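Colleague: My questions will all concern the structure given below.
Each value in this text was obtained by applying a stated rule to the coordinates, not by laboratory testing. Computed from a predicted model, the values in this text were never measured in an experiment. Virtual Cβ from ideal backbone geometry, glycine too; neighbours counted across all protein chains shown.
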Amino acid sequence: MDRKEFIEAAQELLDAGHSQTKVANLLDSYRRKIYRLLKRGELEIYEAFDEDVVEKDVVGFEWLLHEDALDSIAREAIRGKVVLSSARTKEDEEVSTYCKEKYGSLFKYLEKRHSFNGYGHDVLCENIYKTCSLCNETLTLDQFSPNKLCYLGVSSSCRGCLSKKTAEYYSTNYERMQIHRQKRRAWLMSLPSTLTEDEWDQIKSDFNHRCALCCSGTNISLDHYIPLSWGWGGTTKNNSIPLCRSCNSRKRNSQLPDSPRKTIIERYLAKKNDMTAQEFRQYVNWCESNKRPVEEVV
């Protein structure tokens, strides 16, 4: 059997579905010879076409298309002004999802992939523009902040508008934000943080919406009778009293000075904690004598 006849016979056996070893045995040859012919392209192994397999392979490489889309934004920014469109397609959203999962934001992508040849992150951001959803001004990318909830990880509103919006919210929701901040402080220290707005409103009402110490009716703030820095107490209805900012500043991380008002406050909190005034006073003194650092708070 000459070479041409051998190759034709081997190809027929491969097309019939036989393995390389089986083909070699049937032709009284060696598997190594079949392997070399396959490697040189003189023999081929055909596989059945499976649409599902092809589609799966294409999906597996979609990240290349997303990388191309991000790269095109950067390349256009190098050449001139680029405006991120507010009218986005399904493909745009897929690119956005990829960018946020892979890099976190467009800012990080530019910093990681295009900080070369003098075209750093700052230079590219000056050539990429986005329209603010609040003021409708088209501004450079550096006027926006990262936000993983938004397109390409870039906030939909510029920093100026966000600052104004935040200030307005704080001014109209001061009480809510005050409770939120104090609860977060306790939570970060692994202390109880269960105080609700209704409970805080009731506490202020119990003291006629005045400072529990000096009876001032202005600049009322939440004070932890047992300071959080001691590692005890927490932001709860059983440890919160209303103090004006002046009294709160003077108290800081210590106990209130002895006075008739302190006695009234102790009786109030003792009742909240199902204790007598003496038991509550002893408990506060014990907390002060056994302060815990944050790492020891369970």
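Colleague: Given a Förster radius of 35 Å and the C-beta distance between Ser259 and Lys165 as r, what FRET efficiency does 1/(1 + (r/R0)^6) yield to the nearest 0.05? Display every interim value, and only then the final one.
Modeller: Values: r = 43 Å, r/R0 = 1.23.
Calculated value: 0.20.
Colleague: Magnitude of the Cβ-charge dipole of the chain, K/R +1 and D/E -1, about the Cα centre, nearest 20 debye?
Modeller: Value, rounded to 20: 2260 debye.
Colleague: For the chain, which span is the longest to avoid every loop-located (per DSSP) member of chymotrypsin sites (Phe, Trp or Tyr not before Pro) having at most 10 other Cβ atoms inside 10 Å?
Modeller: The answer is 62-298.
Colleague: What's the FRET efficiency of Asn290 with Arg185 using the Cβ-Cβ distance as r and R₀ = 25 Å, to the nearest 0.05?
Modeller: 0.80
Colleague: Okay, moving on. List, in the order given, every pair from Lys204/Lys291; Lys108/Lys164; Lys148/Lys291 whose Cα-Cα distance in the structure shown is over 30 Å.
Modeller: Lys148/Lys291
Colleague: Please list, in order, the residues from the range 180-206 whose amide nitrogen is less than 12 Å from a point placed 7 Å along the Cα→Cβ vector of Ser221.
Modeller: 182
Colleague: Report the residues of the range 23-37 in range of a label on Lys4: point 7 Å along Cα→C-beta, backbone N strictly under 20 Å from it.
Modeller: In the range 23-37, the label zone of Lys4 (backbone N under 20 Å from the point 7 Å along Cα→Cβ) covers 37.
Colleague: Take the Cβ-Cβ distance between Trp63 and Lys237 as r, set R0 to 45 Å, and report the resulting FRET efficiency rounded to the nearest 0.05.
Modeller: Details: r = 52 Å, r/R0 = 1.16.
With R0 = 45 Å, the Cβ-Cβ based efficiency is 0.30.
Colleague: Taking the Cα centre of the range 173-296 as the origin, how large is its charge dipole in debye, to the nearest 20, when only Lys and Arg (+1) and Asp and Glu (-1) carry charge on their Cβ atoms?
Modeller: For this selection, approximately 360 debye.
Colleague: Just to be sure I understand the model, the point goes 7 Å from the Cα along the line to the Cβ. What's the resulting Lys271 to Glu199 distance in nm?
Modeller: My value for the distance between the label points is 1.8 nm.
Colleague: Between Ser157, Ser96, Ser193, find the one with the highest GNM mean-square fluctuation for the chain; connect C-alpha pairs within less than 10 Å.
Modeller: The residue with the greatest mean-square fluctuation here is Ser193.
Colleague: OK, next. With unit charges on the beta carbons (Lys and Arg positive, Asp and Glu negative) and the dipole taken about the Cα centre of the chain, which residue among Phe61, Thr89, Ile34 sits farthest to the positive side?
Modeller: Thr89
Colleague: Starting from 0.36 nm per residue, how many nanometres of slack lie between Ser29 and Cys135 once their C-alpha separation is accounted for?
Modeller: Difference between extended and current length: 30.2 nm.
Colleague: When each pair of different Cα atoms in the range 173-296 is counted once in the 1/r mean, what is the Kirkwood radius in angstroms, to one decimal? Spell out each step's value before the answer.
Modeller: Values: mean 1/r = 0.0687 Å⁻¹.
Hydrodynamic radius (Kirkwood, Cα only) of the range 173-296 equals 14.6 Å.
Colleague: Among the lysines, which fall within straight-line cross-link reach of Lys33, defined as a Cα-Cα distance under 30 Å, with same-chain neighbours fewer than 8 residues apart omitted?
Modeller: Counting by Cα, and skipping residues close in sequence, Lys33 has these lysines nearby: Lys4, Lys22.
Colleague: In whole Å, how far is the Cα centre of the range 158-231 from that of the range 251-298?
Modeller: That distance is 20 Å.
Colleague: Another question, if that's okay. If the only charges are +1 at each Lys and Arg Cβ and -1 at each Asp and Glu Cβ, what is the size of the charge dipole of the range 60-168 around the Cα centre, to the nearest 20 debye? Working shown, then result.
Modeller: Working: 15 positive and 16 negative charges, 61 e Å.
Using only the charged Cβ atoms, the result is roughly 300 debye.
Colleague: Per residue of the chain, what 222 nm ellipticity follows from adding -39500 (n - 2.57) for every DSSP H run with n ≥ 4, rounded to the nearest 500?
Modeller: Mean residue ellipticity at 222 nm (helix-derived): -16000 deg cm²/dmol.
Colleague: If Rh is defined by the Kirkwood formula over all Cα pairs and Rg also comes from Cα, what ratio Rg/Rh do you get for the range 70-109?
Modeller: 0.97
Colleague: Further, regarding this structure: At q = 0.10, 0.15 Å⁻¹, what base-10 log of I(q)/I(0) does the Debye formula yield for the chain when every alpha carbon is treated as an equal point scatterer in vacuo?
Modeller: After summing over all Cα pairs, the log10 values are -0.81, -1.03.
Colleague: How many nm is it between the label spots at Thr97 and Gln178, if each spot is 7 Å from the Cα in line with the beta carbon?
Modeller: 4.4 nm
Colleague: List the trypsin sites (Lys or Arg not before Pro) in the range 128-226 that DSSP assigns to loop (not H, G, I, E or B) and whose Cβ has at most 16 other Cβ atoms within 10 Å. Which are they?
Modeller: Listed in order of number, the matching sites are Lys148, Arg210.
Colleague: Then there's this: Counting other beta carbons within 10 Å of each residue's own, what order do Ile265, Ile128 fall into, fewest first?
Modeller: Lowest to highest Cβ neighbour count: Ile265, Ile128.
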